[in-house]
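The values are calculated or read from the model by the stated rules, or taken from the named source; none is laboratory data. These numbers were taken from a predicted model, which means no experiment stands behind them. Note: ideal-geometry Cβ built from the backbone for every residue, glycine included; neighbour counts use all protein chains shown. Keep in mind that these areas ignore ligands, DNA and RNA; they rest on the heavy atoms of the full protein, side chains included. Shrake-Rupley method; radii C 1.70, N 1.55, O 1.52, S 1.80 Å.
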Amino acid sequence: MDARKIWIGFLLITAGLFQCAVLNPKSGDDGYGLWMKYSPIRDPVLLETYQTVISSVMVMGENETSGIVRDELKRGLEGLLVREIPVAGSVDAPGVLIAGTPSDSPEISGVVPRPVLEALGPEGFTIRTGEINGHPCLVIAANERAGVLYGAFHLLRLMETGQDISEIRLVSTPRIGYRLLNHWDNLDRSVERGYAGQSLWKWEELPGTIDPRYADYARANASLGINGTVLNNVNANPEILRPEYLQKVAALADVFRPYGIRVFLSINFSSPISARFGLETNRRGGIGDLPTSDPSDPAVRRWWQDKAGEIYALIPDFGGFLVKANSEGMPGPQDYDRTHAEGANMLAEALSPHGGIVMWRAFVYDADVDPDRANRAYLEFVPLDGRFAPNIFVQGKNGPIDFQPREPVQPLFGAMPQTPQMLELQITQEYLGHSTHLVYLAPMWREYFDFDLYAKGPGSTLAGIIDGSVQGYPMTGIAGVTNIGDDRNWCGHFFAQANWYAYGRLAWDHTLSPGQIADEWIRMSLSREANVVERVKSMMMGSWEACIAYMTPLGLHHIMQEHFHYGPQPDYADAPRLDWTSVYYHRADSLGIGFDRTPSGSNAAGQYFSPLREIFGDVRTCPEKYLLWFHHVPWDHTMKSGRTLWDEMCLHYYEGTRSVDSMIDTWESLRKEIDPAIYAHVRDKLSQHRRDAAIWRDTCLEYFQTFSGKEIRTSR
Ligand code: BDP
């Protein structure tokens, strides 16, 4: 063998060893287990208390869900308590954990008072201590099986986060009815705005092969109380409604059902059209045999009714349709001079006999409606209030533009009192650094939930509108555009798992604080050491404001790269339409910067209820976080700090990047206390994050400086 071959052999072996050491998930935590790690409780006092309260489990009922509950409790408790937890058949000793519904078990009705059970509704649960046959026991009770599962996960969460359960009397019910994930997954397994690999759904293998990961996905969602999932992209391919795809959808629904999760589909409004007809209004070609999809045409209505019948024959608990219509080139009722309401009502009519709903998106921004994109959804939808069938939600994004790092709340919320409005949040970080930047989104969602729209006077928060308490909606819903893909760690960035977690927790209970949610997530996913928890929490809690500061401070928005939406591109001007460009949004010129949305400009401020319209409309009262959203402000304008707008903007950009530096310092200080694989993964992400943040800062400031003509100040 010559020396060259020996050398190549040596290189190959070294590369192999490196791969095993660095890439082999077994060498550390690969993140697959999410927040359900159930690592042993180290605090001896706590361990002993828990061991006294629980020594065996008894899950009532013989059905798939009770099997899942039994397995989860056994797995969780054995992990946490480091001992075997036997399955009991009766209560003849202290410490039995009993879980079930009153119909599955007489013991439950004996130990949980009837009014408590009644107050739980279909999905709520109670966890309480009690006594059966003279023995102290712990009970998880719910009226429906999914509630028992939610209760089981909640008990494990309480234990993982070190809560006292020795005298527990807890009742928990969801504040919002439909708690959904929206997948923007395409049938070719690409994911629109997905940064964590391909779609989980292996359409080519379904329905014959069921990837075990589907159940893991359902389990993770059930642990948060998520009760539905829209499987495919809102830019929907009509193929999804073909019989062969419906078989695949039904196979997924079968996996999810025992976890309390219903499936929904995004549909293409042109589905009934034959590919032979009308390709101008039907950019993909439909799957039907009709020349039109006009909602007033009886044949079109019948087509949808038949399709609904076909779906429900396969999936009796099918949830309904999500629809993006007349938006970004998608077909819709306006192609036939019909309204959004007429289009939605046709689908609602088809689904209603089966109990299904329509989620009709309000993400529309037709340039003919108003010159300012921010005004358009309100102008199109408010006049339609009262014209939607009862099983329709109008689903709106949180802000009037598009999932920007920060937006004021979409003024449409609260302005359609007769139409249940569903809130759409984006968990995937389309505009917040994809799966590279560490941005914990719960503080952002908290700000949106707490935003007072004054729709019925003070206290009309977005949360109150969505949960129906402000306007009394008969049904309530929330959707989160997922960040999940087939990457081993599900979300691309380990910390992006916290956003999935936080979304689910807030969908169940929007009153939770971001700090509490972060605390739980860290303890369950990373470490229970108090000083690790505190340091990691500090990284998470400041991360959203940091991102805003180095990307789009003080109300700036949509100055990111065209289409890709990752890096900065403030000089982007060359689009087919002005309202797709950065210069349209920031409006920087020699006098100042920002979008005049006061009555002297586009008057988007005027779409809000009083006193918000006055507050936002006046540069003296407009909160500085929204300043450049609503006002074109001179570079020398004096800010609350006493600095000029220009200096303040420089300061924000620099403080944003400095926050990323301190996140890195904090993470490095944790090196010895964190699983090595997670440590290395996050460290690598953070170093790219730091580079990106500096690029954002320098690109934006250098570009805006060409207008302001002022010196860039890097510190206070
Ligand atoms: C934008 C995304 C685009 C989506 C669209 C939507 O850039 O990919 O299709 O929203 O929500 O944010 O329909």
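Miscellaneous remarks
- Selection count, the stretch 631-660, where residues are in a helix (DSSP H, G or I) and open to solvent by 50 Å² or more (accessible area, probe 1.4 Å): 3
- Taken over the stretch 383-411, the criterion of being more than 28 Å from Val439 (Cα to Cα) and either away from the ligand (no atom under 16 Å from the Cβ) or in contact (Cβ under 8 Å) with a residue 60 or more places away in the chain (or both) is satisfied by Pro383, Leu384, Asp385, Gly386, Arg387, Phe388, Ala389, Pro390, Asn391, Ile392, Phe393.
- Extreme residue, modelled with the highest pLDDT, among residues of the stretch 47-67 that are open to solvent by 30 Å² or more (accessible area, probe 1.4 Å) and farther than 22 Å from Ala93 by Cβ: Glu64
- Of the listed requirements (1) in contact (Cβ under 8 Å) with a residue 24 or more places away in the chain; (2) of a type in the set (A, V, I, L, M, F, W, C); (3) touching a Leu at 6+ places or on another chain (Cβ under 8 Å), Met639 misses just one: (1).
- The residues of the stretch 661-716 that are among the β-branched types (Val, Ile, Thr) and either open to solvent by less than 40 Å² (accessible area, probe 1.4 Å) or over 32 Å from the mean Cα position of the chain (by Cα) (or both), listed by number, are Ile664, Thr666, Ile674, Ile678, Val682, Thr706, Ile712, Thr714.
- Candidates Ser590, Ser527, filtered to the one that is open to solvent by 20 Å² or more (accessible area, probe 1.4 Å), over 16 Å from the mean Cα position of the chain (by Cα) and away from the ligand (no atom under 16 Å from the Cβ): Ser590
- Here Gly329 meets each of (1) under 24 Å from Phe609 (Cα atoms); (2) out of contact with any Phe, Trp or Tyr (no Cβ under 8 Å at 6 or more places or on another chain); (3) within 16 Å of the ligand (Cβ to nearest atom) with one exception, condition (1).
- Matching residues in the stretch 452-476 - criterion: being within 18 Å of Phe393 (Cα to Cα) and either assigned to a helix (DSSP H, G or I) or among the β-branched types (Val, Ile, Thr) (or both): Leu462, Ala463, Gly464, Ile465, Ile466, Val470, Thr476
- Given (1) within 16 Å of the ligand (Cβ to nearest atom); (2) open to solvent by less than 10 Å² (accessible area, probe 1.4 Å), number of the condition Glu380 does not satisfy: (2)
- Top-ranked residue in the stretch 240-262 [being more than 16 Å from Arg219 (Cβ to Cβ) and of a type in the set (Val, Ile, Thr); ranked as surrounded by the most Cβ atoms within 10 Å (Cβ to Cβ)]: Val249
- Listed by first and then second residue, the pairs linking a residue in the stretch 79-90 that is closer than 11 Å to Ile41 by Cβ to a residue that is surrounded by 11 or more Cβ atoms within 10 Å (Cβ to Cβ) and of a type in the set (A, V, I, L, M, F, W, C), with Cβ atoms under 6 Å apart and 6 or more places separating them unless they lie on different chains, are Leu80/Ile41; Leu80/Met159.
- Pair list, Cβ under 8 Å, 6 or more apart: the stretch 412-429 residue touching a residue at least 12 places away in the same chain (Cβ under 8 Å), other residue more than 15 Å from the ligand (Cβ to nearest atom) and basic (Lys, Arg): Gly414/Lys456
- The residues in the stretch 566-584 that are open to solvent by less than 20 Å² (accessible area, probe 1.4 Å), within 14 Å of the ligand (Cβ to nearest atom) and modelled with pLDDT of 95 or more can be counted, and the count is 0.
- The single residue among Asp43, Asp29 that is more than 28 Å from Asn143 (Cβ to Cβ) and touching a helix residue (DSSP H, G or I) at 6+ places or on another chain (Cβ under 6 Å) turns out to be Asp29.
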